[in-house]
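Reading through the structure tokens given below for one structure.
The values are calculated or read from the model by the stated rules, or taken from the named source; none is laboratory data. What you are looking at is a predicted structure, and each value in this text was computed from that prediction instead of being measured. All Cβ positions, even for glycine, are placed from backbone atoms using ideal geometry, and neighbour counts span all protein chains on display. Protein only, heavy atoms only, side chains kept; ligands, DNA and RNA dropped before computing areas. Shrake-Rupley method; radii C 1.70, N 1.55, O 1.52, S 1.80 Å.
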Amino acid sequence: NFLFFGPLCTNALHDLRRFLKKLTNGVQVLMVFPGVDLFWSHGTITLPALQSALSNPKVTAIEADILMSPHPGDPLAIPVMAHPPVRESDLTFEAFIGEICTEGSKHVKCDFKELEAVSPCLEQVE
């Protein structure tokens, strides 16, 4: 399963479901809209920021940006937690999602900055 959050209009929801169905090739997609009682850690794109968010009992949700590093199209590119224009990070998506799943109690919002990052990330959460 893969989790998406967001305030989306009806047309955008329909388009997103259709796109994800095609992209995920049968993986179930769950659309969740968080309540107002969430306490967010925004821009959680470094290992220290993730560790801080995971250890803070007040934090209920984590938002992080994902892009391909060193750049899309590079055969060695991997998804990392970073926000443009920065393309380097001490935190890969694989390590990020591993820590999130190990901790197990936080909501997560993945902000894909590049379409090329979606497919490799989905493969890692199957």
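The residue pairs whose first member lies in segment 51-65 and is free of Cβ contacts under 8 Å to residues at least 12 places away in the same chain and more than 20 Å from ASP37 (Cβ to Cβ), whose second member is in a strand (DSSP E or B) and open to solvent by less than 50 Å² (accessible area, probe 1.4 Å), and whose beta carbons are closer than 8 Å, counting only pairs six or more residues apart or on different chains, are SER52/SER41. Residues in segment 66-77 that are open to solvent by less than 80 Å² (accessible area, probe 1.4 Å) and at pLDDT 90 or above were compared, and the one that is nearest to ILE45 (Cα to Cα) is ILE66.
Would you check if there is a residue in segment 39-52 being farther than 16 Å from SER105 by Cβ, open to solvent by less than 30 Å² (accessible area, probe 1.4 Å) and either assigned to a strand (DSSP E or B) or modelled with pLDDT under 65 (or both)? Within segment 39-52, not a single residue is farther than 16 Å from SER105 by Cβ, open to solvent by less than 30 Å² (accessible area, probe 1.4 Å) and either assigned to a strand (DSSP E or B) or modelled with pLDDT under 65 (or both). Summed over segment 88-112, the residues that are among the hydroxyl-bearing types (Ser, Thr, Tyr) and surrounded by fewer than 16 Cβ atoms within 10 Å (Cβ to Cβ) give a count of 2.
Taken together, the residues in segment 95-122 that are among the basic types (Lys, Arg) and over 19 Å from THR46 (Cα atoms) amount to 0.
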